Amino acid sequence: INRLCDLQGNCSPNIKYDFTTAWTETGDVIITEIMADPTPEVSLPPKEYIEITNRTSFSYNLKDWRLSTGTQSVAFPTVSIGPSGIYIVCAPEDTVLYKKFGKVIGLKQFPTLTDAGRMLCLSDSKGILMHVVEYSAEWYKDKLKSNGGWSLEMIDTDFPFYDKENWAASVSKYGGTPGMVNSVSENNPDLIFHGITNVFARDSITINLMFSEPVFGFNQKYVTIPGVVISDVQTIDSLHRSFLIKAETPLKRSEIYQLEIRDVHDFAGNSIENRKFKFGLTEMAASGDLVFNELLFNPFPGDADYLELINNSEKILDASRLFIVSESEATGTISDPVPLWYEGKCILPGECFAITTDLKSITHRYFSAGQEHLFEVSSLPSMPDDEGHLILYNRELEKIDEVSYNDDMQFSLLSSSEGVALEKINPVSGSMEGANWKSASQTSGWGTPGAANSVFKEMPEGEEPVIFSSTKISPDNDGNEDFLTVNLNLSGTGNVVNVSVYDEAGNFVKKIASNFFVGAGSSLVWDGTSNDGSLVRRGIYIILITAYNDAGKTQKWKKVCTVIRKG
């Protein structure tokens, strides 16, 4: 300042004053500890609190900063947080209890921190988002500590948007570390940005895009959809993970689109991995459009059940408009409906859709799992280990598919069926026909959730009325020619068949089908067992197929299959 004078005329020339510019940016001040369930207390006061930490080397005045939830927004008083400063934030009446642990800020109408979890947003006086956390009870990673008295602590403050992977229950003997460096503090870098988790068309011009982590500064220049002109992109959640895309040109029914993202990074600077995602306008599911394709109902101890469906139609289906119930075979009572998914999600034609309550254990156990089509849900319908009945409905309560299973459908020579999934031989086969289901092969790891079934057999092409999948079988459940598939391609639609197996001496071995209505075509299976369930000896076997239709025409075929046994 060249010259500065006061009211009395006292002046000073050439005044110089050094200063440093400092303004807040996302991630400067963050939430680092949450005491959502303080009782039964360990050694801390039985009152809720959160902890905020300044990650920068600058001081900030917190006046008019806000702590918000979905239903509340509370302003901070005039208080300064210094470089690397830590504050305990709680209700005004609880500040006296926490003063001995560190610096405290009392907020009028301090929001209730629910035990199950909620979203907490911290923003500055200009509304710039500093940090947002959507915690849940699962973040404790410790069932004993999630029952109360222990705080949730951030592990590595360098990666504040790393979500649940960067939080854990306190290991302090007091139950938490308010006002201090967290007890779980250690190096825990965020090294991966998985990217797109879902794209769903709400209508012909409105598309919802979801990311696995927050993305800041995202706009329309980062997204393309071939054949679609994008007019606008807006964030629609405080976490900056969900965005609404507006299209100028309407989407077309039955067409599959691909959305692609470029040059996008997460807060840690990681490049996006899953940058492409297919979607389209969904249609209502009808009977047979989506069918059961794989079931794990008797998992290993500590593992979860899973079930898989497959889209047999040419439609794009919405998983959120479908739900499953289980029916008790003994009493006929039906369980509460369980939705396949909690929000709009496309199941494209020919795609699998597998769900489980424990994604981590299933992907760890089954190396053949298709993780792109395997999803974690909060609950599954009851799937008893011995037998069960599952029914799939659409939102209009129309039955889409159903399956009855029991442990006797597993491969008869398994020492134990624990951890072995039942797979359908061909998706187009009827789900209620027990012969269409087989144990997953050992070579696949005993299950293929979200991936092609290990026992899958395509119907061979040809004009022959009866086609065998092979001329030989080796029923040892190694995934290679374990069973014989008898494919029927008959004229007309009113065909009833009988299929029997005889040994080369003409002795009866097994009845595969008795007066079985197949319509124009179907697939029947022989797994190399006799009527009593035991494996037959190696040798040549004769398959006799008799068919008659509603026109009174009767046909017979006799074919040969060789059973090969090791040893």
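The values are calculated or read from the model by the stated rules, or taken from the named source; none is laboratory data. For clarity, every value in this text was computed on a predicted model and none was experimentally measured. Reconstructed Cβ throughout: ideal geometry from the backbone, glycine too, with neighbour counts over all protein chains shown. To get the accessible areas, we keep the full protein, side chains included, count just its heavy atoms, and leave off ligands, DNA and RNA. Shrake-Rupley method; radii C 1.70, N 1.55, O 1.52, S 1.80 Å.
Tabulated data for the structure shown
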item: Residues within segment 211-240 that are open to solvent by less than 40 Å² (accessible area, probe 1.4 Å), touching a Ser or Thr at 6+ places or on another chain (Cβ under 8 Å) and closer than 22 Å to PHE375 by Cβ, tallied; result: 2
item: Some residue of segment 3-21 being touching a residue at least 24 places away in the same chain (Cβ under 8 Å), within 20 Å of TYR135 (Cβ to Cβ) and assigned to a loop (DSSP other than H, G, I, E, B); result: no
item: Some residue of segment 121-132 being under 19 Å from GLU48 (Cα atoms) and among the acidic types (Asp, Glu); result: no
item: Subset of segment 129-170 [assigned to a helix (DSSP H, G or I) and on the phi < 0 side of the Ramachandran plot]; result: ALA137, GLU138, TRP139, TYR140, LYS145, SER146, ASN147, LYS164, GLU165, ASN166
item: Segment 358-383 residues that are in contact (Cβ under 8 Å) with a residue 12 or more places away in the chain, paired with ones that are open to solvent by 60 Å² or more (accessible area, probe 1.4 Å) and part of a helix (DSSP H, G or I) (beta carbon under 9 Å, 6 or more apart); result: LEU359/GLN371; GLU376/LYS360
item: Residue check, ASP203 more than 27 Å from GLU372 (Cα to Cα) and part of a loop (DSSP other than H, G, I, E, B); result: no
item: Checking ASN311 against (1) free of Cβ contacts under 8 Å to residues at least 60 places away in the same chain; (2) more than 16 Å from the chain's Cα centre (by Cα); (3) open to solvent by 50 Å² or more (accessible area, probe 1.4 Å), the condition it does not meet; result: (3)
item: Filter result for the condition that a residue is of a type in the set (Gly, Ala, Ser) and open to solvent by 60 Å² or more (accessible area, probe 1.4 Å), over ALA116, ALA91, ALA75; result: ALA116
item: Yes/no for LYS47 being more than 32 Å from the chain's Cα centre (by Cα), farther than 18 Å from GLY102 by Cβ and of a type in the set (Lys, Arg); result: no
item: Complete set of residues in segment 255-281 that are assigned to a loop (DSSP other than H, G, I, E, B) and open to solvent by less than 20 Å² (accessible area, probe 1.4 Å); result: VAL264, ASP266, GLY280, LEU281
